[in-house]
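Visitor: Following this message is one structure expressed as structure tokens.
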Amino acid sequence: MEKRKISRRKKLLIWLGADLAVAAVLILLFLHKPSQYNPVAPADPDPNGQQVDPYLHRDLYSKFYNGAQRQRPFEMVVLDQALNEALARLNWSQESGGVKLSTPQVFFTPGHIVLMGTATVEGAELIVTIELGPRMDDQGNLNLCVDKVKVGAIPVTLVVKPMAKKMYRERIASTPIDMQDWRTKAVASLLNDEPFEPVLRVEDKWVRLKSFEIADGKLTAQFTPAKLKPKP
């Protein structure tokens, strides 16, 4: 009888030790910092009080605005290194539900956009990685396609995507939202895999994303004038 009790105790200790080992490994994997995550250090505040980043304003927004106003086909090139430097100067961060998101980093790899950032939860810093594989269908509709989500070194795509879809459906059911706004359509594409017509309004002009190519460190997009407002 005594031997049986000892045997059960040994088995219990073995299982407990195995559970603790698994938990320790999972914690280490969640806290893992991917080697490619090296965000640009936030810049010191501009002593001249300049609030607009020159790359975002001059090289991206102004070029896009001017191209739209001319109503001729034009090309936009976005470099991930320059974009990351701009994000560092903006010192972007956001907090919601006790989770703080900060220090974002963007990578362009062939066919994919990789977004990384730090999520601070109860003092623990977790590195979140989201891999997008945007695609255009035969009708010219765009789907942003979330291919992978990881926390540290742990893939969580199969858990996060159904949760995101559920949250999206609950949000649109309970809150008045302009479903024709391109930002709403982009969110629906990200969270609910809904393709949308990539037509943007720039003041009184409309432009359409005709095609794009994502290579190492660079995204190249082709735009063309859109004469009419996109169909609902």
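Visitor: Consider only pairs whose beta carbons are under 8 Å apart and that are at least six residues apart or on different chains; among these, list those whose first residue lies in region 108-123 and is in the same structural domain as Asn84 (by TED's automatic domain parsing) and touching a residue at least 60 places away in the same chain (Cβ under 8 Å) and whose second residue is among the aromatic types (Phe, Trp, Tyr) and not in a strand (DSSP E or B).
Guide: Between residues of region 108-123 that are in the same structural domain as Asn84 (by TED's automatic domain parsing) and touching a residue at least 60 places away in the same chain (Cβ under 8 Å) and residues that are among the aromatic types (Phe, Trp, Tyr) and not in a strand (DSSP E or B), the close pairs are Met116/Tyr37.
Visitor: Could you grab me the full set of residues in region 87-105 that are within 17 Å of Thr129 (Cβ to Cβ) and hydroxyl-bearing (Ser, Thr, Tyr)?
Guide: Ser102, Thr103
Visitor: How many residues are at pLDDT 85 or above and either in a loop (DSSP other than H, G, I, E, B) or in contact with a helix residue (DSSP H, G or I) (Cβ under 7 Å, 6 or more places away or on another chain) (or both) when one looks only at region 41-58?
Guide: Qualifying residue count for the region: 2.
Visitor: Quick one: would you say Val149 is modelled with pLDDT under 85 and within 26 Å of Gln105 (Cβ to Cβ)?
Guide: Numbers: modelled with pLDDT under 85: no; within 26 Å of Gln105 (Cβ to Cβ): yes.
Considered against the rule, which asks whether it is modelled with pLDDT under 85 and within 26 Å of Gln105 (Cβ to Cβ), Val149 comes out as no.
Visitor: Can you list the strands (runs of 3 or more DSSP E) found entirely within region 78-132 that contain at least 1 residues being among the β-branched types (Val, Ile, Thr), within 13 Å of the chain's Cα centre (by Cα) and surrounded by 14 or more Cβ atoms within 10 Å (Cβ to Cβ)? I'd like the intermediate steps shown before the answer.
Guide: Values: elements: 93-96, 99-109, 112-121, 124-132.
Once the strands (runs of 3 or more DSSP E) in region 78-132 are filtered for at least 1 residues that are among the β-branched types (Val, Ile, Thr), within 13 Å of the chain's Cα centre (by Cα) and surrounded by 14 or more Cβ atoms within 10 Å (Cβ to Cβ), what remains is 99-109, 112-121, 124-132.
Here is a yes/no grid of residues against (1) surrounded by 14 or more Cβ atoms within 10 Å (Cβ to Cβ); (2) in contact (Cβ under 8 Å) with a residue 12 or more places away in the chain; (3) more than 19 Å from Asp137 (Cβ to Cβ); (4) not hydrophobic (A, V, I, L, M, F, W, C):
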| site | (1), (2), (3), (4) |
| --- | --- |
| Trp182 | yes, yes, no, no |
| Ala188 | yes, yes, no, no |
| Pro195 | yes, yes, no, yes |
| Pro198 | yes, yes, no, yes |
| Lys210 | yes, yes, no, yes |
| Glu213 | no, no, no, yes |
| Asp216 | no, yes, yes, yes |
| Phe223 | yes, yes, no, no |
| Lys227 | no, yes, yes, yes |
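Visitor: Follow-up question, since we're still on this one. Specify the residue that is modelled with the lowest pLDDT; the eligible residues are those in region 85-101 that are under 28 Å from Leu142 (Cβ atoms) and touching an Asp or Glu at 6+ places or on another chain (Cβ under 9 Å).
Guide: Top of the filtered list is Leu90.
The values are calculated or read from the model by the stated rules, or taken from the named source; none is laboratory data. What you are looking at is a predicted structure, and each value in this text was computed from that prediction instead of being measured. Quick reminder, even Gly has a Cβ in these numbers, built from the backbone with ideal geometry, and neighbours come from all protein chains shown.
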